[in-house]
Amino acid sequence: MPTPTTLWGGRFQEAISEIAHLFSSSIALDGKLWREDIRGSIAHARMLGEVGIITKEEANAIIAGLEDIANEIEAGTFRFDDSMEDVHLAIEQRLTEKIGAVGGKLHTGRSRNDQVATDERLYLKHAIPELADKTSEVIRVLLDKAEEYIDAIMPGYTHLQRAQPVLLSHHLLAYVEMLARDRERLGDVLHRVDYSPLGAAAFAGTSYPIDRAMTARELGFASVLENSIDAVSDRDYLIELASACAIIMMHLSRMAEELVVWSTREFGFVTMSDAVTTGSSIMPQKKNPDMAELIRGKVGRVYGALINLLTLMKGLPLAYNRDMQEDKQPMFDAIETTRDSLEMMALILRETTFNIERMRSAASGALMATEIADYLVREKKVPFREAHHISGRIVTFAEQQGKNLDKLTLNEYRNFSERFDSDIFEYLDPRRSLIEKKSAGSTHPTMVKEAITGWRRRIP
Ligand code: ARG
């Protein structure tokens, strides 16, 4: 338990209450940042030695001690526990235990305020590319499926009502577009993460002749943050990251929702393998799409993280405030939940087969009504509005007769307009309607194939 001998205890005469200590300890969460904390400290110690604020020997002793601690943590011989306040103090305290008073020189010219922001940014410099890779993996599986099912036709939907036939691959490529934007967004965030706060000290800078550029370089940051107050009080990078994660999760959730709906007996468009489905304890016939549902469900945690961070920061006066310690939980939760969900989505998609017969038969029938109107417009020069009206009446008639549009006779068509000829039936072939599409980015099979090739080049 911290006593007046704790690292910051100089001006205190009594120990902090146990309840207050436990309330304020963050070691259970920020303990995860130990690698980054040690890396940051090594860079700082080396710089202190280089510029002569401490001797090279002292710097070397500190660095060796920190490397030892990293090994101890890795090996599990040094464990964090509740008696520690946070990862920074725990490591510094251990350092002094190991190498004696010289360990106390490490904190010269810095503060936990710039230290924690440095740790987080180092962590993100690793976590963000990892998220981008997982996003690419889902894209690759989507492209694999788009290639595998290149001939499959499905009904496209608006209002979840069958609307017009499209290629399944075209539908899958819509998700590729979303995830590619997600990757780009992650890259944008990474760009703004890539600045070193180290050396801002508590917030005002320091009177020691530290070299911030040197530590930034050693830690692999592109540059240093210019304003020391901003350096310790900024958490925009976490809010941006949580926002990028929230958008990824929203995309995964839409995909998950379609997989759930498509796997119902009513749709029957997909079958997910046993590897990603579960059974029911009382209903033997069930094969439930739990993994897709869990992705859909986990979105709330990530949206929560974003709102959490926005709320955390909104009322904070400059510069550092202890409130900011609460940023760890949403940061880790957003990253880990998004990472796991991306991984799971890649697996689900790999384990999904598309029932192309079911899809194709759902893509014929009333949803060819647009083609009937197109036929009248293109072949018979009927104004579109009139054609739309005629086609609508034919659809109603077919429904009343309980027949598909391609099962009506030519005479029945002629009852609605004498301009129909037998070539109307060619228009009722869903594949023809795809081939008729001419606009860029449409579901025309050639354009879809080109899109797949294009994405393969961009996302190898
Ligand atoms: N554990 C703290 C955090 O994460 C470290 C910074 C503490 N600084 C302070 N002045 N109390 O925010």
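The values are calculated or read from the model by the stated rules, or taken from the named source; none is laboratory data. Since this is a predicted model, take the numbers as computed values, not measurements. Cβ atoms come from the backbone with ideal geometry, glycine included; neighbour counts cover every protein chain shown. Ligands, DNA and RNA are excluded from the accessible area calculation, which covers all protein heavy atoms including side chains. Shrake-Rupley method; radii C 1.70, N 1.55, O 1.52, S 1.80 Å.
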- Name the residues in region 274-287 that are under 27 Å from Gly156 (Cβ atoms) and either touching a Gly at 6+ places or on another chain (Cβ under 6 Å) or open to solvent by 30 Å² or more (accessible area, probe 1.4 Å) (or both), would you? Lys287
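Looking only at residues in region 111-137 that are of a type in the set (Val, Ile, Thr) and either away from the ligand (no atom under 16 Å from the Cβ) or touching a Ser or Thr at 6+ places or on another chain (Cβ under 8 Å) (or both), which one is nearest to Leu33 (Cα to Cα)?
Narrowing region 111-137 to residues of a type in the set (Val, Ile, Thr): 116, 118, 128, 135.
Add one more test, that the residue is either away from the ligand (no atom under 16 Å from the Cβ) or touching a Ser or Thr at 6+ places or on another chain (Cβ under 8 Å) (or both), and what stays is 118, 128, 135.
Working: Thr118: 10, Ile128: 15, Thr135: 24 Å.
In this case the residue turns out to be Thr118.
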- Task: Any residue in region 112-124 that's within 10 Å of Leu238 (Cα to Cα): show its pairings with residues that are in a helix (DSSP H, G or I) and within 11 Å of the ligand (Cβ to nearest atom) at Cβ separation under 8 Å, as long as the two are six or more apart or on different chains.
- Result: Glu120/Leu33; Glu120/Asp327; Glu120/Met331
- Task: Could you tell me which numbered condition Arg110 fails, if it satisfies all but one of (1) assigned to a helix (DSSP H, G or I); (2) buried (at least 20 other Cβ atoms within 10 Å of the Cβ)?
- Result: (1)
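From the list Glu379, Glu371, which one is more than 44 Å from the chain's Cα centre (by Cα) and at pLDDT below 95? Steps first, please.
On the way: Glu371 fails: more than 44 Å from the chain's Cα centre (by Cα).
Exactly one residue qualifies, and that residue is Glu379.
Here is a list: Arg94, Arg79. Which entry is open to solvent by 20 Å² or more (accessible area, probe 1.4 Å), within 30 Å of Ile62 (Cα to Cα), in a loop (DSSP other than H, G, I, E, B) and without any contact (Cβ under 8 Å) to a residue 60 or more places away in the chain?
None of the other options fit; the residue is Arg79.
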- Message: Would you confirm whether or not region 129-151 contains a residue that is more than 17 Å from Lys449 (Cα to Cα) and without any contact (Cβ under 8 Å) to a residue 60 or more places away in the chain?
- Response: yes
- Task: State the number of residues belonging to region 44-76 that are β-branched (Val, Ile, Thr), open to solvent by less than 20 Å² (accessible area, probe 1.4 Å) and either within 16 Å of the ligand (Cβ to nearest atom) or under 32 Å from the mean Cα position of the chain (by Cα) (or both).
- Result: 0
- Scan region 11-26 and report the pairs whose first residue is under 17 Å from Phe80 (Cβ atoms) and whose second residue is open to solvent by less than 60 Å² (accessible area, probe 1.4 Å), with Cβ atoms within less than 6 Å and a gap of 6+ or a chain change. His21/Pro2; Ser25/Glu85; Ser26/Asp86; Ser26/Gln325
- Query: For region 335-356, does any single residue satisfy the condition of being in a helix (DSSP H, G or I), open to solvent by 10 Å² or more (accessible area, probe 1.4 Å), in contact (Cβ under 8 Å) with a residue 24 or more places away in the chain and within 13 Å of the ligand (Cβ to nearest atom)?
  - Reply: no
- Item | Candidate set: region 300-329, residues that are away from the ligand (no atom under 13 Å from the Cβ) and open to solvent by less than 30 Å² (accessible area, probe 1.4 Å); chosen: the one farthest from Asp86 (Cα to Cα) | Val302
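Go through region 430-445 and give me each residue that's open to solvent by less than 70 Å² (accessible area, probe 1.4 Å) and over 31 Å from the mean Cα position of the chain (by Cα). Spell out how you get there, then give the answer.
The first filter runs over region 430-445 and keeps only residues open to solvent by less than 70 Å² (accessible area, probe 1.4 Å), leaving 430, 432-434, 436-437, 441-445.
Across region 430-445, the qualifying residues are Pro430, Arg432, Ser433, Leu434, Glu436, Lys437.
Is region 181-196 home to any residue that is under 30 Å from Ile229 (Cβ atoms), in a loop (DSSP other than H, G, I, E, B) and not charged (D, E, K, R)?
So the first thing to find is which residues in region 181-196 are under 30 Å from Ile229 (Cβ atoms), and the list is 185-196.
Add one more test, that the residue is in a loop (DSSP other than H, G, I, E, B), and what stays is 194.
Filter once more, keeping what is not charged (D, E, K, R): none.
Looking for residues that are under 30 Å from Ile229 (Cβ atoms), in a loop (DSSP other than H, G, I, E, B) and not charged (D, E, K, R), one finds none in region 181-196, hence no.
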- Message: Quick check on Ala146: is it more than 17 Å from His251 (Cα to Cα) and crowded, with 20+ Cβ neighbours inside 10 Å?
- Response: yes
